[in-house]
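Take a look at the structure set out below.
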Amino acid sequence: MTDAPVRTLLLWCPDWPVLAAEIVDGVPATGPVAVLHANRVVACSEQARAEGVRRGLRKREAQGRCPQLTVVEYDPGRDARAFEPVVAAVEELVAGVEVVRPGACAVAARGPSRYLGGEEAAAERIIEHVAQTCAVESQVGIADGVFAAGLAARTGRVVPPGGTPAFLAGLPVEALGRPALADLLRRLGVRALGDFAALPAGDVLARFGFDGALAHRLAAGRDHRPLAVRQPPADLTVTAEYDEPVDRVDAAAFAARALAEQLHDRLAGHALACTRLGIEAVTAHGQELHRVWRHDGLLTAAAIADRVRWQLDGWLTGSSGRGGAGRTRPTAGIIRLRLIPDGVIAQAGLQPGLWGETGEERERAHRALSRVQGILGPEAVLTAVLGGGRSPADQVRLVPWGDERLPARPGEPPRPGEAAPPGEPPWPGRLPPPAPAVVPPTPLAAVVHDVDGEPVVVSARLQLSAPPARLTIGAARPIEITGWAGPWPVDERWWAPAEARRRARFQVVLANGTALLLVVEAGQWLVEAIYD
């Protein structure tokens, strides 16, 4: 197999998350707009950049630089759904379009350049067609390989054949899109892609692992995929038939998740992993839909399911481009769904772990939970996602197994003994470690008495009427309190009367050895959590 990368044409839509918010939600992209994920800016409009907003800024800092900033939450499903008309427009001119990510798609440059009059003419024709069809501005880059073409698209450049290594050599290591690796390389004195590419491949693999070796190939201008990529056997394709046409996104996404699991298991049985995924659907009226998604790394079962869900969302909602242009929704529901591993590699360098991403036990547990969901529904299996907050209940959000694990509040609390991640909200007043072992879905009503049997009251100035002596939870018998600490006040959102909460926390130890977290709110004692 040749090591020469394929001459690639890549179309890139700048600030795509911002444009997607305009297309789907009507947020005006001409104004100052920022898209946030985990309380940090991941994309912003041109007007926002003119006001000093940059990627990576925290929300408060971005709003400080631009008080008129419109903030939009990051939604990869929205981005993929809005990008579907753009891909369809490109597909009207060229065949074999592959979605790299929402906002970027690629195609082999040889075909379009031959029948559209050269590479530059093909780029101009595609940009013009996308603008006329979807009212979306785009840029095209052409180079040897997808990675270099993506960087060339940032400046609308056509890199001459064979000139990709020289084009990449002067770019900073941050162009790899791997912040942790780029930071480490800079600390080692490697600042440009050319310097990184000059390092021996064996030493890079030994020092930085598989992902570092892949990045080393990218920096050298070689093909973005490892050499082990090959066409998969036909029996790796998985297909699902539906008696009732599927026309709702949630139903289609749930069915697609099971199909993604089946594809991942079949690939794992051949010691393969998917890098390029073809998605085909047939409607009840015979309409055929097809799309290819590309990925630089290895697609896990969850990643396959995400891409299928995004694509189905784009098809079934019939998202239009700006100005109402674009592909309309299919006239009937989907009766057949097919997943094709269009590009695979051998899982070299992967080894079983105890509970890691590639561990056998994790895969077995994942299949079992997915099977339970297939019987009882998506909401039957929930997993906890940690986030920010002051109380244990605030820091946990339950999501269906397989869904995106996004915290309800930014700022995952650090583990015991660790400092908060840089840039995360500090959450003053957060419960310190160790964390409680059990958090009831609803706090348990309780009553605290003193030694004389009188209820203990906490004043507005956090003064106790008497030391706590006995605790009664619901209709249970009173239990003696052998130790207690507090109160610690929690005064939240005092500036919004409808959302304001004022509480006082206590930690108590009972005679039977149980440790509890108690709160007093509006004169009512509650058991908020139980320590192990």
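Sorting ILE142, ILE23 by accessible area puts them as ILE23, ILE142; the probe is 1.4 Å, largest comes first, and only protein heavy atoms count.
Amide H to amide H, with H built 1.01 Å from N, ALA198 comes under 5 Å of no residue 5 or more places away or on another chain. Over the chain, accessible surface divided per residue gives 50 Å², non-protein components excluded, 1.4 Å probe.
When +1 charges are put on Lys and Arg Cβ atoms and -1 charges on Asp and Glu Cβ atoms, the dipole computed for the chain relative to its Cα centre reaches about 840 debye.
Database remark: amide H of VAL238 closer than 5 angstrom to the amide H of LEU339 (H placed geometrically; neighbours at sequence offset of 5 or more, or on other chains; Pro and chain starts carry no H). Within the accessible surface of the chain, defined with a 1.4 Å probe on protein heavy atoms only, the carbon and sulfur portion equals 54 percent. Provide the net charge surrounding HIS449, with neighbours chosen by a C-beta distance below 13 Å and charges set as Lys +1, Arg +1, Asp -1, Glu -1. Value of the local net charge: -2. In sequence order, the range 119-125 has phi-based couplings of 5, 5, 5, 5, 4, 5, 5 Hz under the Karplus curve 6.51 cos²θ - 1.76 cosθ + 1.60, θ = phi - 60°, and Gly or Pro positions carry x. Sequence-ordered 3J(HN,Hα) estimates for the range 104-109 from the Karplus curve with 6.51, -1.76 and 1.60 and θ = phi - 60° stand at 8, 9, 10, 8, 4, 7 Hz, glycine and proline given as x. Close amide H pairs (under 5 Å, H built 1.01 Å from N) link CYS44 with VAL35, residues at least 5 positions away or on another chain.
Distance from the C-alpha centroid of the range 142-200 to that of the range 88-122: 23 Å, rounded to the whole angstrom. Give the angle, between 0 and 90 degrees and rounded to the nearest 10, that separates the Cα long axis of helix 360-376 from the longest principal axis of the Cα atoms of the chain. So the inclination is approximately 80 degrees. Peptides 15-22, 95-102, 112-119 ranked from most to least packed, by the mean per-residue count of other Cβ atoms within 10 Å: 15-22, 95-102, 112-119. How far, in degrees from 0 to 90, does helix 249-269 lean away from the longest principal axis of the Cα atoms of the chain, to the nearest 10? With both axes taken from Cα atoms, the answer is about 70 degrees.
Nearest 10 degrees, 0 to 90: what angle lies between the long axis of helix 201-219 and the longest principal axis of the chain (Cα atoms)? Approximately 60 degrees, to the nearest ten. A simple count of charges around TRP12, restricted to other residues whose Cβ falls under 14 Å of its Cβ and scoring Lys, Arg +1 and Asp, Glu -1, yields 0. The string of couplings for the range 440-451 from the Karplus curve (6.51, -1.76, 1.60, θ = phi - 60°) is x, x, 10, x, 8, 5, 8, 9, 10, 10, 8, 5 Hz, one whole number per residue in order, with x for Gly and Pro.
The values are calculated or read from the model by the stated rules, or taken from the named source; none is laboratory data. Only a predicted model underlies this, so the values are computations on that prediction, with no experimental measurement involved. For neighbour counting, all protein chains shown are included, and Cβ atoms are generated from backbone atoms with ideal geometry for every residue, glycine included. These accessible areas exclude ligands, DNA and RNA; they are computed on the full protein's heavy atoms, side chains included. Shrake-Rupley method; radii C 1.70, N 1.55, O 1.52, S 1.80 Å.
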